[in-house]
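Written out below as structure tokens is the structure these notes cover.
The values are calculated or read from the model by the stated rules, or taken from the named source; none is laboratory data. Source: prediction; values computed, not measured. We place every Cβ from the backbone using ideal geometry, glycine too, and count neighbours over all the protein chains shown. Just the protein is used for accessible areas: all its heavy atoms, side chains included, with ligands, DNA and RNA removed. Shrake-Rupley method; radii C 1.70, N 1.55, O 1.52, S 1.80 Å.
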Amino acid sequence: MNNESQIRSLIENWAAAVRNQDMEGILAHHADDVIMFDVPPPFQSTGIEAYRDTWQTFYKYTRLGVFNFHDLKVIAGDDVALAIATMYCEDNAEGKGFQHLDFRLTVGLRKIDGQWVIVHEHHSIPAE
């Protein structure tokens, strides 16, 4: 597989792990010092343990099994790559029942010792 295919597979497997609440799969391929910007607080999570903690909030307010791509683009060099996606889940953070929520995902990766590693993850929604 070329770099783009490897990264696409890694990101698709990560999304499947999210749908299945597979924390080991979610954390796989993330750097120990990963930095994430997410929709709900905290503003920034640094490190794999802080990243792990963000998923508790996610699972508290979203419908299980819904975490899907509208579109996924991968731009890959030899040792640095970027994945850009539009996705959707179903959110109940406002307590009004589950609502379709479109969001954006940007993932930065580095190739370390021949393996792609996620070093940055950014989830966002448009400001209202």
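Structure above, values below:
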item: Which listed residue, of D22, D33, is out of contact with any Lys or Arg (no Cβ under 8 Å at 6 or more places or on another chain) and without any contact (Cβ under 8 Å) to a residue 12 or more places away in the chain; result: D22
item: Matching residues in the stretch 3-19 - criterion: being touching a residue at least 40 places away in the same chain (Cβ under 8 Å) and over 16 Å from I84 (Cβ atoms); result: Q6, V18, R19
item: Close pairs (7 angstrom Cβ cut-off, 6 or more residues apart or separate chains): without any contact (Cβ under 8 Å) to a residue 60 or more places away in the chain and of a type in the set (S, T, N, Q) in the stretch 60-78, open to solvent by 30 Å² or more (accessible area, probe 1.4 Å) and in a strand (DSSP E or B) anywhere; result: T62/E90; T62/D91; N68/Y88
item: Pair list, Cβ < 9 Å and 6+ apart or interchain, from the stretch 95-123 residues that are of a type in the set (A, V, I, L, M) to residues that are outside any loop (DSSP other than H, G, I, E, B) and open to solvent by 80 Å² or more (accessible area, probe 1.4 Å); result: L109/V80; V117/R110; I118/R110; V119/D33; V119/R110
